[in-house]
């Protein structure tokens, strides 16, 4: 592997990046998180048990069926504590919420209020007006200081405003809306929620089925992200008498429907599966919805999903103004702005944390030149050089993921894989193995770039850099954002060759933005007379630019060419597109992401 990374003298400015390595990062991690590294060697690879994934077989539990705090008419407005469930939900008290050593870099990120309404941020969770049980849940989760997006969302939602949150990946967006929403509903479940029996007492085939009438609906673009949000909701619904459920494509329809029949107050789902259940009014209605959250909105606003989102956001038969709408995203393109204008109140709160689509300085980004013919050997050599840790490897195609999975396993490296052609049983089993550390190397397509939030992912490897026409620099930002989360440091290594020239210009500016080292082969893309203030990217927001966009393109004109500054020459790599299986399909059967 040829490493042409520039020397420190080639840095484009005087700001230094902390020279942290994998071993140095691991020295900051809790001991309990290092089971796979205890011997200083990779754990033994685990072969697939294909019988486990055969339809109709038992032994595999769907994520949708995971234990949660259940309703009981004998409880008061909030339920009693259950230590065993508490341990399952929040984990070992000694390792809860271990925040990173560089939390200050996130805490100091600039926050801009762009909307028509201004609010005063809170400094602590104690100042946020949270229900006492919610405050206890926050502490059980190990949260002691709100992140920037949380400091503004907590009071905004508490005061009843619609919210747009634009924040960097890994900035705590999920908790930013779950905590205040569930806190406002806490203690009110018996008054607001639909009637339902105690789920533990339901006898299938004997008791009548209960229609799900959620108070909160959260829409996510991918299965893994929907499950991730559901698991967070399970924590913050603890003792709340609010029952969370999740529905997503590929999972068992019967199992998901059975969970809905037990009652549902907080429903997380992917668009297609949500619409499917909405078309069964005996199973699901949105007539009671009070909060509608669109998470990763920019990912779901392709034209092919417009009908699904319109149907979901229309809700039920509520009076106008009953639903609080919230859009959260790392970027905010025109389609998201149009959605906000159509549904959010004029008095909404709009918060932007950092530049939309940016990353932060806690992630050290290395771009390494690798000849395409040597990439597989380069990956093997690179993994063998690492101190064993949790690693995510991104490739652009399903075929490449399969090839790398076979390659690493044949070289006795403990890996697992996720992509759109793996069935949902396999995908969930892979995520469990990755989280548990039995398979600490995860190989995946971009389908997982937004849905993975695993504690102590130390290293992200871009075996393939994203193609400009399939996500480009935004996809890159989401991928590397799987590490360096909530104050932890992380490493991101990307293999680069002449095929990646279309992304080179904006990739270089992204590296400059966070004071990363610029390798020799990217020096030609450093802007002339560069200063940090002169970097130009796509406009973060044009709400105040009402005249823009008449021609259908409301990117602010600048010297960097088309969206995100990519050269107009287009893609010349010849690579196949990224994994598209979780995205909409046209009537002709072709993927059109």
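No lab work stands behind these numbers, since they all come straight from the coordinates. It should be emphasised that the depicted structure is a prediction, and the values quoted were computed from it without experimental measurement. No Cβ is skipped: glycine too gets one built from the backbone with ideal geometry, and neighbour counts run over all protein chains shown.
Could you rank the peptides 440-450, 421-431, 458-468 by their average count of other C-beta atoms within 10 Å per residue, with the highest value first? Intermediate results must be reported in sequence, preceding the final value.
Values: 440-450: 27.4, 421-431: 20.3, 458-468: 24.5.
In decreasing order of mean packing, 440-450, 421-431, 458-468 become 440-450, 458-468, 421-431.
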| message | Using the Kirkwood radius over C-alpha pairs as Rh, can you work out the diffusion coefficient of the stretch 223-301 via Stokes-Einstein at 37 °C, viscosity 0.692 mPa s, in µm² per second? | response | 251 µm²/s
| message | Whole angstrom only: what separates the Cα centroid of the stretch 169-234 from the Cα centroid of the stretch 444-473? | response | 28 Å
